[in-house]
Amino acid sequence: MRYVSTRGAAPALGFEDVVLAGLARDGGLYVPESWPAVDAATLERWAGLSYAELAVEVMAPFVGDMPRDDFAAIVHAAYGVPDVFHSAAVTPLRQLDVNEWLLELFHGPTLAFKDVALQLLGRLFGDILGRRDQRITVVGATSGDTGSAAIEACRDRDNVTIFMLHPAGRVSEVQRRQMTTVPSENVVNIAVEGTFDDCQALVKAMFNDHAFRDRHRLGAVNSINWARVLAQVVYYFHAALSLGAHDGRRIDFSVPTGNFGDVFAGYVAARMGLPVGKLVVATNINDILSRALRSGDYSRGTVQPTMSPSMDIQVSSNFERLLFDLYGRDGDRVRALMDDFAAGGTLAIGNRQVADASRLFAAARVDEDETSATIAAVLRANATLIDPHTAVGVAAGRRLRTAESVPLVALATAHPAKFPDAVEAASGIRPALPPHLADLMERPERYEILPNDLKSVQDYIAARTA
Ligand SMILES: *Cc1c(COP(=O)(O)O)cnc(C)c1O
């Protein structure tokens, strides 16, 4: 399997190089040159596999140049042992109503769905770099959850140093502490005086500065990294097969969405042949994606802080991967569109492309009141606390699901204890941290505050990278 850039002007690479590269050199994102197909007999065979076994099967066609035994061992180390994910099912389903389920993706070390992919990615980095005797400097931007999950994935790994940028004062205390209390030598936290989009722009600029990128061997763990998207494809198969997809039964998914990585993984599953009904793109009031998918208007607004901060995003990096397919995999076309967007903050998607997308995707915007009301309603009906991101997904899914006879799976992307203030305000109950994080508020913190300025950040990183 080779990978091509969505902007058509970077060299095609194999899986291992794509994992290390992150962003393509032409500013695009890597995608597989074709989508592998899974037939009904294969789905039948996959039903009933453990999460780790299924993960090897689903991902195998994409990892081409990596020895299959090495890959299987890494997958089992991430998903097949009891101490990484605190659930034997890894991503268990919890039933909320007739034909309605939560897919709990928050049983990893940092209590958010990003652990599912990053626990794999950290191990892939360790293995690939070890065999090549290379080092990497991971530079990432986080609106909260990516950072701690990436740090947990990279901490104490040989060959890796990680610099994580977060917007100062704009992540929750639990989220900040999950990053800044990690004592490992190879972990450096930077609080940028700006928004998440500023942090993301700084990271992109560092990757586009090829001299800097090469000198410090930059690598990315943000959701632009193909391996993250790939790892997330697995739980769509796992959940759908648990609910009878191998008998041809279609399943709807509702996905709390920010950077479009998670829901794009659902798209990949559907392209591979998983019978998906609707993929509901659930956004909070930062609704660039719901506007784009409903009317073709992909234009940047200003970020408004909400109680679901990991979705407070006005630029959705992974959306470019969908545009690439919608425009017939024409890299020149995508490059022109993205140049327009970079220049004017707006991009018009064609009517035909919007219509094509709407066959699989539906999109809804959920405001703060409805998010709170959904947290309260789920507590009343199920004695279960959900976090605000999950609530956005549940609310949007209930609005846009195909039909009540089609199972709806709402992705539960964070544990409620990551957002205790919002959950308490909505429900009257303050969720407790699980035992392995119980002393988080007492651990010492370590981070650097820097201005929203490329040179300051580059100088800081250069001074700390050999
Ligand atoms: C990152 C995140 C999201 C958004 O996922 P994307 O892949 O960026 O769309 C949703 N919920 C939570 C809790 C997150 O951490």
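Each reported figure results from applying straightforward, stated rules to the coordinates on display, with no laboratory input. Bear in mind the structure is a predicted one, so any value in this text is a computation, not a measurement. Neighbour counts run over all protein chains shown; Cβ positions are idealised from the backbone, glycine included.
Quick notes on this one:
- Remark on segment 171-302: Rg and Dmax equal 18.3, 53 Å (Cα only).
- Cα-only Debye scattering, segment 312-466: base-10 log of I(q)/I(0) at q = 0.12, 0.15, 0.17, 0.20 Å⁻¹: -0.87, -1.05, -1.09, -1.16
- The eigenvalues of the Cα gyration tensor, multiplied by 5 and square-rooted, give segment 337-425 an equivalent ellipsoid with semi-axes of 31, 19, 10 Å from largest to smallest.
- Three principal axis lengths of segment 365-412 [C-alpha, angstrom, descending]: 25, 24, 15
- Annotation: segment 252-390 has a Kirkwood hydrodynamic radius of 15.8 angstrom, from the mean reciprocal C-alpha pair distance.
- Per-selection Kirkwood Rh - segment 87-239 (Cα, Å, 1 d.p.): 16.3 Å
- On the principal axes of its alpha carbon atoms, segment 109-167 extends 32, 21, 14 Å, with the longest extent given first.
- Estimated 222 nm signal from helices in the chain, with DSSP H stretches of n ≥ 4 weighted -39500 (n - 2.57), rounded to 500: -13000 deg cm²/dmol
- Of the DSSP H helices in the chain, those whose Cα atoms cover at least 20 Å axially and whose Kyte score averages 0.5 or more: 226-242
- FRET E, pair Val98, Arg68, Förster distance 35 Å, beta-carbon r, rounded to 0.05: 0.25
- Residues Asp312, Asp17, Asp145 arranged by fewest to most Cβ contacts within 10 Å: Asp17, Asp312, Asp145
- When the convex hull of its Cα atoms is viewed from all sides, segment 166-208 shows a mean projected area of 3.3 nm².
- Between Asp459 and Ser299, the contour length at 0.36 nm per residue exceeds the alpha carbon distance by 54.4 nm.
- The base-10 log of I(q)/I(0) for segment 29-169, evaluated at q = 0.17 Å⁻¹, reads -1.13 [Debye formula, identical scatterers on Cα atoms, solvent excluded].
- Computed over the alpha-carbon atoms, segment 38-106 gives an Rg to Rh ratio of 1.03, Rh here being the Kirkwood radius from the mean inverse distance.
- When the convex hull of its Cα atoms is viewed from all sides, the chain shows a mean projected area of 19.6 nm².
- Between Asp339 and Glu53, the contour length at 0.36 nm per residue exceeds the Cα-Cα span by 98.8 nm.
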